[in-house]
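The structure appears right after this line, and notes come after that.
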Amino acid sequence: MIVEAVEIRVVDIPLKQPFRTSQSIQHSRRALLARVITDAAEGWADVNVEDEPIFGHEFLSATWAALEELLVPQLLAGPASAPLAAARMSRVVGHPAAKAGLEMALLDAELRASGMSLRRYLGGTRDRVPVGVSVGITDTLAELLTTVTEYVDEGYPRIKLKVQPGWDREPIAAVRAEFGAELALQVDGNGAYSSADLLHVSGWDEFGLEMIEQPFPAHDLLSHARLDARISTPVCLDESIGSATEAAAAIASGACRVVNIKPGRVGGYLEARRIHDVCDALSVPVWCGGMLESGVGRAANLALASLPNFRFPGDISATSRYFAEDICPPFVLHDGMLDVPDKPGIGVDVDPDVLDRFTSRRLLQ
Ligand code: MG
């Protein structure tokens, strides 16, 4: 297969409701898309970065430069298969989301050409997967309870609360009091706590959470291990895990009993599958995280989440939760589950008219 051209685009997908963080109000999800055009087929992928380097070091304009100057030339420079391209791109240090996007777009093209779905290629075993929802920090407890009630009523089988110092015990207790012990509830600290908060975080053990995700910074495996040794609630790592090697090391050091897998964070779907396999061999369950993907990224994540060791609902909410209109047909929630696409490649087709309408920047190499 010969890669003839690569296109990258910035698209602004309008959000149903503004998405509020402590620093900004977003009215659209600015996404970066990659299209790989080969002599046999073309493939698509989300390049999973945000406008600002808050989750990781990558951010949209830096990723654009890395793609344009370094990674797309690597893809165009030699034999085209996803593993070979991944090996060539590994000469560039860092930029895992950019590498993951190009690898996925090429893999999508390969699979479309051969008629195989991504789900089958990765070894997925399920037609439908349970999905959860991640609830951001709100101004008031009343607002939080209203939001959670809406999601529970929509049928989401698992709720995740974002927590930070000053917004943790009270909201967790309020949701538990309102919905009872049977609600599958977990929390995510996104590294906002320090080792000095160990006792405080240990106190959440009483809430019967499914897991406590990444309370301490990515580099601080020791505090995660100390926490995991103190409590019965499993500790889950997200930002700390950049590869299968790091997953094995974190598990061996006692820092986690669950791993969140995001292909963009770990450099691609092939590395994501290796993490799945390593964790499976060590009897550690995994689940699929999310970064407000367009339908293109959502389709690929559903294929990944259909592998057998994905034992918790993923952060792969229905499209309608965020977008008034998406660049491909919407994913709809049925009984707390989403269908896993099983057509060739990622299994969804981009609507070219919608795509053009949402595009704000484009480069064809
Ligand atoms: Mg997380």
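The values are calculated or read from the model by the stated rules, or taken from the named source; none is laboratory data. This structure is a prediction, so every number in the text was calculated from the model and none was measured. Please note: Cβ atoms are built from the backbone with ideal geometry, for glycine as well, and neighbour counts cover all protein chains shown. Heads up: the accessible areas ignore ligands, DNA and RNA and are worked out on the full protein's heavy atoms, side chains in. Shrake-Rupley method; radii C 1.70, N 1.55, O 1.52, S 1.80 Å.
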Do we have A77 as at negative phi, open to solvent by less than 70 Å² (accessible area, probe 1.4 Å) and not assigned by TED's automatic domain parsing to the domain that holds A303 here? no
(1) touching a residue at least 24 places away in the same chain (Cβ under 8 Å); (2) part of a helix (DSSP H, G or I); (3) open to solvent by 30 Å² or more (accessible area, probe 1.4 Å): which one isn't true of A247, the others all being true? (3)
For region 182-205, does any single residue satisfy the condition of being of a type in the set (A, V, I, L, M), under 26 Å from R274 (Cβ atoms) and modelled with pLDDT of 95 or more? no
Only residues that are of a type in the set (K, R) and within 16 Å of the ligand (Cβ to nearest atom): list them for region 144-195, please. R158, K160, K162
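What number of residues in region 297-320 are of a type in the set (A, V, I, L, M, F, W, C) and either under 11 Å from the mean Cα position of the chain (by Cα) or within 14 Å of the ligand (Cβ to nearest atom) (or both)? Talk me through it step by step, then tell me what you get.
Residues of region 297-320 that are of a type in the set (A, V, I, L, M, F, W, C), as a first pass: 299-300, 302-305, 307, 310, 312, 316, 318.
The next check asks that each one be either under 11 Å from the mean Cα position of the chain (by Cα) or within 14 Å of the ligand (Cβ to nearest atom) (or both); those that pass are 300, 302, 304-305, 312, 316.
Here the count works out to 6.
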Quick check: is even one residue across region 268-291 surrounded by 18 or more Cβ atoms within 10 Å (Cβ to Cβ), charged (D, E, K, R) and within 15 Å of the ligand (Cβ to nearest atom)? no
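Right, S294: within 16 Å of the ligand (Cβ to nearest atom), closer than 24 Å to T147 by Cβ and crowded, with 21+ Cβ neighbours inside 10 Å or not? Outline the logic, then answer.
Values: within 16 Å of the ligand (Cβ to nearest atom): no; closer than 24 Å to T147 by Cβ: yes; crowded, with 21+ Cβ neighbours inside 10 Å: yes.
The answer is no for S294.
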Based on this model, can you work out whether F207 counts as over 18 Å from S317 (Cα atoms), in contact with a helix residue (DSSP H, G or I) (Cβ under 9 Å, 6 or more places away or on another chain) and within 16 Å of the ligand (Cβ to nearest atom)? no
Is there any pair with a first residue in region 108-136 that is in a loop (DSSP other than H, G, I, E, B) and open to solvent by 70 Å² or more (accessible area, probe 1.4 Å) and a second that is among the charged types (D, E, K, R) and at pLDDT 95 or above whose Cβ atoms are under 7 Å apart and which are 6 or more apart or on different chains, and what are they? D127/D339
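Only one residue in Y121, Y156 is within 30 Å of L70 (Cβ to Cβ) and not hydrophobic (A, V, I, L, M, F, W, C). Which one?
Values: Y156 fails: within 30 Å of L70 (Cβ to Cβ).
On inspection, the qualifying residue turns out to be Y121.
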